[in-house]
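Colleague: Handing you this structure, nothing more for now.
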Amino acid sequence: MAAARTKKLTKPEVESLIQGLLQSGSITHDSLLEFAERVNGSVFKSPAKPKAKAMTMTTAKKAVLAKFNCKSVTELRKNKTFLMSMTGEDISFKTKDDWLKLYRRWVGVPESERGLEGPACINGINVLENFRPWHVFGLDPKKATAEDVKASFRDLVKTHHPDVGGDPRVFERLQKMRDSVLALMN
């Protein structure tokens, strides 16, 4: 590829490049891209991936209500499946944080919380915020075996165990994820 330059090519220079392409006898995607970059004067940059907007309380609320086939918070408070799953937990339903907790638990990981990096992030997911064992372990729940889960856990422990400098909270969360998945498989 051509080095970045500021001067524009002249018509004879561009015609010379075209002749070189035609004489090569094989015009490929790569050769055309190289030609375009030389005419451009620099290598093309990939467009920046737009950042996902933070989820709103309304969006989280609608998704959670839909998950339980409820039309209102009052209906959700009476939903037996929801009540049973939330036994012992106190949710006020008044703040965005409450709805995001429910969204993460029942619907999924919000777009704005994917692709994260940091000591508590594995495969782009903050494991202290989101309980998504299959995603964290990088496994397909329909195909994975107990041995696959154990092997993935062992690989993650190599970098996230407190003895090798990992965060004890992340390690504890990984253990819970492993135990939960293995309990469902039995």
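The values are calculated or read from the model by the stated rules, or taken from the named source; none is laboratory data. Computed from a predicted model, the values in this text were never measured in an experiment. Cβ coordinates were reconstructed from backbone atoms using ideal geometry, including for glycine residues, and neighbour counts include every protein chain displayed.
Colleague: Return the residues of the range 103-131 that are under 13 Å from the mean Cα position of the chain (by Cα) and hydrophobic (A, V, I, L, M, F, W, C); say none if nothing qualifies.
Modeller: V109, L116, C121, I122, I125, V127 - these are the residues of the range 103-131 that are under 13 Å from the mean Cα position of the chain (by Cα) and hydrophobic (A, V, I, L, M, F, W, C).
Colleague: Evaluate the following for P141: is it modelled with pLDDT under 90 and within 23 Å of A54 (Cβ to Cβ)? Steps first, answer last, please.
Modeller: On the way: modelled with pLDDT under 90: yes; within 23 Å of A54 (Cβ to Cβ): no.
Here the answer is no, as P141 does not meet what is asked.
Colleague: Another question about this same structure. Test T59 against the stated conditions and say whether it is among the polar types (S, T, N, Q) and under 25 Å from E113 (Cβ atoms).
Modeller: Numbers: among the polar types (S, T, N, Q): yes; under 25 Å from E113 (Cβ atoms): yes.
Considered against the rule, which asks whether it is among the polar types (S, T, N, Q) and under 25 Å from E113 (Cβ atoms), T59 comes out as yes.
Colleague: Let me ask something additional. At least 1 residues that are surrounded by 15 or more Cβ atoms within 10 Å (Cβ to Cβ) and in contact (Cβ under 8 Å) with a residue 24 or more places away in the chain in each: list the helices (runs of 4 or more DSSP H) lying fully within the range 34-138 that qualify. Working first, answer last.
Modeller: On the way: elements: 57-67, 73-78, 80-85, 96-106, 133-137.
Hits in the range 34-138: 57-67, 96-106, 133-137.
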